[in-house]
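Presented below is the structure to which this report refers.
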Amino acid sequence: MMKGWKQVTLESVCSKIVDCEHKTAPTQEHGYPSIRTPNIGRGRLLLEGVNRVSEETWNEWTKREVPQAGDLIFAREAPLGNVAIVPADTKLCLGQRTVLLRPNSNIVDPHFLCYLLLSPPIQHSMHARGGGATVPHLNVKEIRQLPISIPSLSIQQKIGALLATYDDLIENNLKRIKLLEEMAQITYEEWFVRMRFPGHESSLINPETALPEGWTKKENGDCCEVSGGGTPSREVSEYWEGGNIKWFSPTDLTKSSSLCLLDSSNKITELGLKKSSAKIMGAHTFMMTSRATIGLFGLIDAEYSTNQGFINVTPLKPTHKYYLLFNFKCRVDEFLGHASGATFPEISKSKFKKLKIVWPSENLISDFDKYCSPIISEMTNLTKQNARLREARNILLPRLMTSVIDVESYDPAGLLKEAA
């Protein structure tokens, strides 16, 4: 045990540990967030796309306990061990496979406890204890008895505040990324949906097309090249081991918090590329998921490949890229309407290419490209900054939790410099 730290159980530092309801909550489009394990990140809740419930359901699901700011929500399986702190002014309830932990603030700092549970030694301990025939999990009794070591409350508060600074910076950057994407989307809709583009006041309308002069209607396939992807056999290790070709699956996009991607979770080899229908796509191409969850988009400033769950869009001119991207983002419901499939919905490349698209003048498309380019560049920079912040936090976390770094002498002033 580290000097000055004492071993306790999780139960002894929490005033309450409350299990979730063991049933499925009826969901709706609007309402209060119902936190399931996919919504529990590493320190922060992931509320994008969260299931929502009515006030009646919320009242029923919070009979055991109403989550409060500073409480922790713990994933007891799928995946085991993720934990996030409940933010202020957020009314939510527990979904399946979650447990509420209420730290006793006289004994343990909530932020410290959150990061302590995410530290490698505690994560290893939880997974070693986790039973289950298919996926590791802990029951509430095992969670209560989980052994942890804690320093004095003042040291906890310093460690918790230091690590929370990283996550605050990451969260602020995510908000900026979202606002930037919304700016580009709103401008697209203003120019090309509401027809309030620069110079619209003096633009003439073609009576035959009902579009401004110089605009036409085409098919998607006339404006871009449409490509799919493929998956090398998982049974052939040479297709995967040591691979350096970025290979995306839809999961990479569902897990991403930014339209701008930096890397894929899996790589394939040149042989894997050759022996499958995967293709190398250029950096001027963008990707759209085309099956199951249709209409997730990704940009990456590098060559890449995808599995078969994508439509990859290569503009005929580089300046067409952002017009096509935001046009397609506006048309996801249309794409869903043309999807078919016995097991999951999918829009085929052939169907996608036949769909009509309004095509503005080249000058206006070029002006939109000039408007979007610095926005996308800033989104990419913020995404890279967040990757560096996460890396720095993940390096720092185990060192603080094992006293390799003395928090009393650690200077956090370099945080912003590290992320620049």
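I'm checking my understanding of the structure. Among residues of region 369-413 that are among the acidic types (Asp, Glu) and not in a helix (DSSP H, G or I), which one is modelled with the highest pLDDT?
Here the residue is ASP406.
Tell me whether region 280-294 contains one or more residues that are surrounded by fewer than 20 Cβ atoms within 10 Å (Cβ to Cβ), over 20 Å from PHE326 (Cβ atoms) and without any contact (Cβ under 8 Å) to a residue 12 or more places away in the chain.
No, region 280-294 contains no residue that is surrounded by fewer than 20 Cβ atoms within 10 Å (Cβ to Cβ), over 20 Å from PHE326 (Cβ atoms) and without any contact (Cβ under 8 Å) to a residue 12 or more places away in the chain.
Which residue pairs have Cβ atoms under 6 Å apart, sit 6 or more places apart or on different chains, and have a first residue in region 299-324 that is touching a residue at least 12 places away in the same chain (Cβ under 8 Å) and a second that is among the acidic types (Asp, Glu) and part of a helix (DSSP H, G or I)?
Pairs found: THR319/ASP369; TYR322/ASP369.
Given ARG176, ARG102, which one is in the same structural domain as ASN59 (by TED's automatic domain parsing) and under 30 Å from THR27 (Cβ atoms)?
None of the others qualify; the one that does is ARG102.
Scan region 225-253 for residues that are assigned to a loop (DSSP other than H, G, I, E, B) and in contact (Cβ under 8 Å) with a residue 40 or more places away in the chain and jot them down.
Hits for region 225-253 are GLY228, GLY229, GLY230, THR231, PRO232, SER233, SER249.
For region 353-374, give me the residue count where each residue is under 26 Å from the mean Cα position of the chain (by Cα) and buried (at least 17 other Cβ atoms within 10 Å of the Cβ).
So the count comes out to 2.
Might you check whether a residue that is touching a strand residue (DSSP E or B) at 6+ places or on another chain (Cβ under 7 Å) and closer than 30 Å to SER233 by Cβ occurs anywhere in region 318-330?
Within region 318-330, none of the residues are touching a strand residue (DSSP E or B) at 6+ places or on another chain (Cβ under 7 Å) and closer than 30 Å to SER233 by Cβ.
Could you tell me how many of the residues in region 292-311 are of a type in the set (S, T, N, Q) and modelled with pLDDT under 95?
1
May I ask you to verify whether GLU29 is within 21 Å of LEU174 (Cα to Cα), out of contact with any Ser or Thr (no Cβ under 6 Å at 6 or more places or on another chain) and among the charged types (D, E, K, R)?
In short, no.
The values are calculated or read from the model by the stated rules, or taken from the named source; none is laboratory data. Only a predicted model underlies this, so the values are computations on that prediction, with no experimental measurement involved. Positions of Cβ are generated from backbone atoms using ideal geometry, with glycine treated the same way; all protein chains shown enter the neighbour counts.
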